[in-house]
Each structure stands twice: as C-alpha cells, then as structure tokens.
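Every number in this text was worked out from the coordinates using simple rules, so none of it is lab data. Since the model is a prediction, treat every value here as computed from it, not as a measurement. FYI the Cβ positions are ideal-geometry reconstructions off the backbone, even for glycines, and counts take in every protein chain you see.
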Amino acid sequence: MRKTLRPLRYCLVIALFVLGACIAGAEEPRSGGVLRWREISDPPRLDPATASDSVSNRNLYLMFDTLVENDIDGKGLLPRLAESWEGSEEGRVWTFRLRKGARFHATNRGSPTGNGGREVRAADWKYSFERLVKVGSPRAYFIDMVKGYRDFTDGKTSEWSGIRVIDDHTLQFELEYSFAPFVSILAYPCFAVVPREDAEKAGVNFNFGPVGSGPFLLDHWEHDQKVVYKRNPDYWRRDDGGRPLPYLDGVEIIVIPDNTIAYGEFRKGNIDVLPDVPDEFYTDVKERFGNLFQERPLLGVYYIGFNYAKPPFKDNRTLRKALNYAVDRKAMSDFLLEGRYAPAPGVLPPGMPGYDPDLKGYDFDPGLARKMLAEAGAAEGFSVELNIDNNPRHRTVAEGLQGLLAEFGIDLRVNVLDWGVHLDLADRGETQMYRMGWIVDYADPDNFLYVLFHSDNFGPKGNYSYYKNEKVDGLLTEARIETDYDRRMALYREAERIIVDDAPWMFLFYYTTSLVGGEHVRNLRLPAFGHYSTPLEIAWIDR
Amino acid sequence: MLSYVLRKILYFIPVVWGVVTVVFILVTIVPGDPARLLMGQRGDPETLARIRSDLGLDLPISRQYIRFLGDLLRGDLGTSYRNNEKVAASLMEHFGATLRLAFWAMILASVIGVSAGILSAVKQYSLFDYSAMFIAVAGVSAPVFWVGLLLLLIFAYGLQILPGVGYGDGSWRYLILPVVTLGTRPAALIARLTRSCMLDVMNQDYIRTARSKGLTERVVVLKHAFKNALIPVNTIIGTQVAELLSGAVLTETIFAWPGVGRLTVEALVARDFPMIRGSVIFMALIFLVTNLLVDLSYGLVDPRIRYD
C-alpha cells in the first residue's frame, strides 16, 4: 500500500510545485507609477487629424481611441470603441455598433474640458471624420472610397453623405464601391474620435491641447523636452480581472535626440523604455539586458527600387533579375546590420495576411547573376546611380551594395540626399535606383501591393518605380473588391509572384522593431506594427 | 552717441532685408517640397495640392516673397508648417533656454579666460603659463560633442553626481554640464587672446613708466595693462556671445536642451520655411545688436573713442 502511494505522493508534490511556480509567475499587476518613454524628437503634431509621423503617433495611441484596433501580432482586428461591426453582402455598407459608456477626457492640461467628460456618441464619429477633411488631414484620402468624399472635399456638400448616424450608438459607412480592407484602415490612429466642443473651441490650437477618449490625458507639453500624460480615471477599459486600465498613473514622453545619450539615460534609469534600439548599441543591449530586450519582425519591407520607365532598367527584366541574384542579403544583414533584418524574398512580410511562405525570391547566385548580366548586354559592367536618404543605416547598406556589385563590374554611384529631396526625385521618377522602405499603415496586403505596384499609384502615391503590368493591375483591382477572404489572398499571392518575377525592385530585407524596458516595467508588449504602437494602458511598474 | 546708435539701427534695415532675401531665395530654390514632407512618404496628388495651397506654396515665388515681406513688416514671422505654432512665439519660448545657457557659459568663459590669460601673461614661460596655454589649445581643438559626451560619461553616468540631460525643473544642477561644454571653447579663445594682448601691452613704454613710478604690480597689470588690452578681448567676447545666443546646436542636441539651435535644425530637416526664415532673422538681429553693444562698449573701455 505504502509502495503504491509513493508515486502518487511524488506527483502531488510536483503538481504543487508547478502550481506554486505558476502563481508566482502570474504576477498581479500593480497600479501606480509613471513610465518614461524615450523619443528622438518633439512630436510635431498631437492632433490626430494632422499627424502623419511615428513620433506623433506614439502620442496619439495614448490619448485617442479608434473604432477598431490591430491585434498585437497584426493578424486581425479587435474591437475598440466599436463593439462589433458587420458588412453588407456586397461589402459596400458597414455598420458599427458603438461601445456604451466610453467617455471623452474630462480634463485637459489641468482644466475642465468643454465636453465635460460626456459619453462618446455616433455623431462624434461623424464629426471627427468630417473634421479630417475640413482641417486638411494628409491621411483623409485613405477612406476616399466612402461615398460623398469628393463632393465634401470640394465643398459641394456640407456633410459627408456616406457617413450616417443611425442612433447614438450605431454608425454606418456607405462606400462608393466594395472595398475589402475598409475596416482595417479605421485602425489607423488618425481615424480617432474627438469631441466637437473642444475641437471647435480650440481651432488650430487643438494640436496643443488635444482631447480624446483614450487611456491617458494630456497634462502638459514642454516643447523639445517632454510630453506629460496622466491616467484617464474614466477610461472604459478593464483588464481580464475587471480592474480598471490603465495601471500607470502617467506616461512621460522624454525627448532625447542623441542615441548615445539616450542609451546612457536608460542605463542610468532615467528612462524606462528605449524603443528602436540603435544599431550601435544593439549587441550591448542584447548581452546586457537579455530578456528585457524585445525584437520582432515589423510589418515592413526595405528595398532598392529600379526605375521601370528609364534606362538601363526599362524593358530589361533580365538586368533587374541579375542584380537581384548578385546580392547576398543574408551576408549584408549579418555583417552590416548585426543580423537585425531578415532577407526578403518578396514584398509581403511574414505576419502579414497573404504572406507567401513558399515564395522563392532571389537567392544569392553569382554564377547566374553573371550569366544574366551577359544576356542583358552588361557583361562588361556598367555605371548606375543609386539615390538614398541621409541616414547612417542606409549609407551602410549602400556601401555594402557598392562592394557587392563591384564584383560584377557594376559601378554603383551613391547619391546621399536629404529626405525631402530624395522623395521629390523619387516622386518624379528622376532616379535610376532609389532606396525606400515601406511600413504598414493597415494590416492588409492591399496596403503593400496595390499602393506600391498598381499603375494608378505612380509617384507620390507609392509606385516610385513606375512599375506597370496590366495583369498585376487587374489582380490587385479584383482583390480590392473581392469579399471572400481566401480568394482575395490567392489573388494577392498571384500578383506578388508576378511582381517578384518582374523584379521592379531589388528585394532586400524585412524590417524588425525593437525596444528595451527596465526590469521594473511589466507587460510591455511589442506590436508587429512597430514600437510606437506599444499599448501602454496594459503596462505596469513593479516597484 | 545717440545719433551713432540711430544711424547703426538704420543700417540694420538693409542688412536684415538682405539676409531675409537671401534666405528666402535659398530656402525656396533648394529642392524638396515641405508639403510633401508634411504628407509623409505616401499621399495622393489632390491632398498634396491642397496642402500646398493652404501653405501658399502654389503661389508664384514673387508673390510668396511680397506676402512674406508684408507679414514681416507687420511683425508676423508666420506659422510653422511643422506644428502650426506661431514662429515668433516658438522662438521666444526657446530663446529663454538658450539665453540662460549662453549667459552662464559666457560668464564662465570670461572669468576663466580673462583670469588665465592675465596670469599667463604676467607669469610668462612659467609652469602655469605652459599649463594654461596647453589646456587652452586643447579647449579650442576639442570638438564640442566630444567634450559634452566626456563630461556626461564622467559626471552623469560614472560618478553620478550630476543629472544627465534635459532642462529638468530649471534647477542649476541641470545647467552645469551644458554650461561647461559650451563655455570651454570660448574660455580657451579668450584666454589665448587675453594673454597675447596683455603681452603686447606689457612691453609698452607706459607700463615701464608706471612701474618706474613705483606703482604696485597689481595696479600696473589691472589698471594700466589690462584696460588697454581689453578692446580686442571685448570684441571676441561680443562675437562669442552672439554665436552662443544664436543657438548652440551641438550642445543643445547632446543635452536635449530646448533651445533655438535645436529648433532651427529641426526646422531645416522638415523644410519648415517660416521657422527657418524666422530663426535666421532672429540670429541676424542678435548679431547686429550684439555688435552694436560691443561698438558702444569701446567708448567705455577707451574714452578716446568718440561716436561722431
């Protein structure tokens, strides 16, 4: 009897030990504390309607709510201020049921707001979307498929007819045409709700005293130093245990322009989170901070574009493919970029809906590259210009390419340009080769493939290579209106394969995003959309 | 003297106009569209056209220039493209921090530079002279970013006796490292110039006469020699003040100091035309006013100088 019980006793002890470990591991979140987050510059804009950069967006995620939000892995959408939504059969009408009990900020910079902390209603959403057009938002056109956009933009109508308030908690959008990624776009931070009372009263100064309904409210903004946020005590969200969010008493966005100093401040404990770990400290951070360092693939691609409309790449697919085969992406990433970027076989990054794991792309093959160069009439080599913007990382990559292509007799002349000049030349197609990157706006392949390769989007709309393939145009247009998910993804995969075969780009890398947090910072979850969208309402401080 | 000052102020007008015009032309002809930068990497042509229209960038350059001059005459430097803030308000907000930094840096530089220069001249070829001049040469040669980083590494991150970066709550502790960083080079320049001017003066006949009258060495050095060596020193101090007030870009960047220099650099990167123009006009005025004050101070230092 004793003998038979012994194994059972062991099992019980082990089970208790495991249970104890689990309990100890699942720490109870603590409320309180202020989290200090480093940024490289002062946010230019805190008004969601006019912001278009990642530093501003970091701030917007703290203060504002959108209808939907991206899942942390970028694989789907979650409800935010919309509890649920449904599309009509043909995908032209989208109806959103709004969350009850969500309230606007009752205070702003220490004073009561005009809205008095009232509930967010459907009419506020209509106002906020119309306001995007009225204040000239650079992102309003993302939803130009909503019926009446043109008329409202041109001032022919006094309201945006395609946005309808059904009742206080129901909002409806009617689209000009079926557009499958519509709901994904609404997770972009500019499509946030703002209270009419405060936005109207402040006018252009809403940028300096923005009022939203998000987890934190603006306390004060010391330009070029810090932006200070306090916890929104009326925030609607609760954690799984029913505790009110956010846990933190506040967040400070600390502006430190210099990377060396920022790392010094982090190590000294003067900042709690260092996002986008600089290349020069990458190895040190990994060794020193171990598990506190987080890195994951970002939904973004880094590439060198060929000008499809100009010599030497015009009508010379063999030459474009030869250059793709001539580049050892893995070696470049390992030796030049600390192995931070993954070689890219194509356009869509891993984690993006429609990503094709079987896409072969271009492996480094010097023999094949030489053969194709000869076929393309460039056996003796040639000279070509590459435009890049002035950034140490891009300079390193360009110098690496220079070395690799020199092996094939290709004289790559690198022009380092100011970002504004670089964009300007790329817009007008006045380049032979250009460096560019693309980071997701909304988690749909449309945001990559349609924007960057459809011939409707030449120049500033995204297709800087002036790439045109009627078959690809047709597939991408069809995918935009296709409502069956699997069929859409199949269309995108087919389009991507043709694009890769046409080689309008030298496909290089998939980006990563990173951050390192102090050991006292808990539940810091790095999203696939980039460090700037890290949800700080669920983070807490253990000290 | 009043007529001299008025005349000088009248000279400001063509100088400022010239600066404004050159800056306007340079900023406008450089490739790179600010509207495009505001829009981000991607945008539709309609939105771009609307932003350009809102900013007045769709007007012919001549009309933009006339409009700009008209606003300037009304005292309006315009509104920043980047953050929609009034340029004048933004400059004044940042100038406070720069003024505080520059003032203390110049006090430090003047006290250390002048004292070291006088002592080196008086004790020429002594150990003190050699040491002071060695440090001065090092101070002139050392790049500002290097000095700043070194000070931070030692005092903020090593010994941890001073705060690292930022303006803090305005406490003097945050001021020490940026002031030392910014003051090092002017102190070295002033020390070298003071020494050389003092040596010139100390070899003059009237110094010998002063000594032969039985005056104490202290009176000879401070009253007779230093006063006469002061004019070039005064000039270099004036120039340095103007430079520091117009924005110490590197120091402000390293120490995350919210001053005019950083504001200007960010405006340049973002092609924020109104802010660039405003900053340059502001800097030009600082140089002009400082030079005027330096000119006026000559009369105080040397009564023989007249302003007729």
Review point. For all pairs of alpha-carbon atoms in the range B:62-202, what percent lies in each bin of width 10 Å, listed from the first bin to the last filled one?
Key: 11, 27, 24, 19, 13, 5, 0
**Study point:** Whole-angstrom gap from the range B:3-52 to the range A:219-262, using each part's C-alpha centre
**Key:** 36
Review point. How far is helix B:45-55 tilted, in degrees, relative to the longest principal axis of the Cα atoms in chain B, given as a value from 0 to 90 rounded to the nearest 10?
Key: 50
Exercise for review: Sequence neighbours fewer than 8 away in the same chain don't count; with that in mind, list the aspartates and glutamates whose C-alpha is under 19 Å from A:Lys286.
Suggested key: A:Glu265, A:Asp272, A:Asp276, A:Glu295, A:Asp334, A:Glu338, A:Glu519
Exercise for review: Any aspartates and glutamates with Cα under 15 Å of the B:Lys8 Cα? List them, leaving off those in the same chain fewer than 8 positions away.
Suggested key: B:Asp295, B:Asp308
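For the protein assembly as shown, what is the calculated [θ] at 222 nm in deg cm²/dmol (nearest 500), taking -39500 (n - 2.57) for each run of four or more DSSP H residues and dividing by its residue count? Spell out each step's value before the answer.
Numbers: 28 runs with 382 residues, N = 851.
Calculated from helices alone, the mean residue ellipticity at 222 nm is -14500 deg cm²/dmol.
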Study note, to complete from the structure: Rounded to the nearest 10 degrees, the helix B:260-269 long axis (Cα) sits at an angle to the longest Cα principal axis of chain B of 40
Check your understanding: Counting only complete DSSP H runs, which helices of chain A cover 30 Å or more along their long axis at the Cα atoms and score a mean Kyte-Doolittle of 1.0 or above?
Key -> A:2-25
Review point. For the range B:159-201, which chymotrypsin sites (Phe, Trp or Tyr not before Pro) are both in a DSSP coil and crowded by at most 16 other Cβ atoms within 10 Å?
Key: B:Trp172
Review point. Say the cut-off is 31 Å between C-alpha atoms; which of A:Lys147/A:Lys321; A:Lys360/A:Lys468; A:Lys156/A:Lys226; A:Lys100/A:Lys201 go over it?
Key: A:Lys147/A:Lys321; A:Lys156/A:Lys226
Exercise for review: Mind checking which of B:Leu250, B:Ala270, B:Thr235 is farthest towards the positive end of the range B:224-281's charge dipole, using Cβ charges of +1 (Lys, Arg) and -1 (Asp, Glu) about the Cα centre?
Suggested key: B:Thr235
Check your understanding: Around A:Val414, which amide H atoms from residues at least 5 apart in sequence, or from another chain, sit under 5 Å from its own amide H, with H modelled in the peptide plane?
Key -> A:Leu386
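Report for the protein assembly as shown the percent antiparallel among DSSP-assigned beta bridges with both residues inside it, nearest 5.
On the way: 59 of 77 bridges.
Counting DSSP beta bridges with both partners in the protein assembly as shown, the antiparallel share is about 75 percent.
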Point to revise | Cα centroid separation - the range B:182-255 against the range B:99-147, whole Å | key: 10
Point to revise | Inter-label distance for A:Ala490 and A:Thr157, nm, one decimal - labels placed 7 Å from Cα along Cα-to-Cβ | key: 3.6
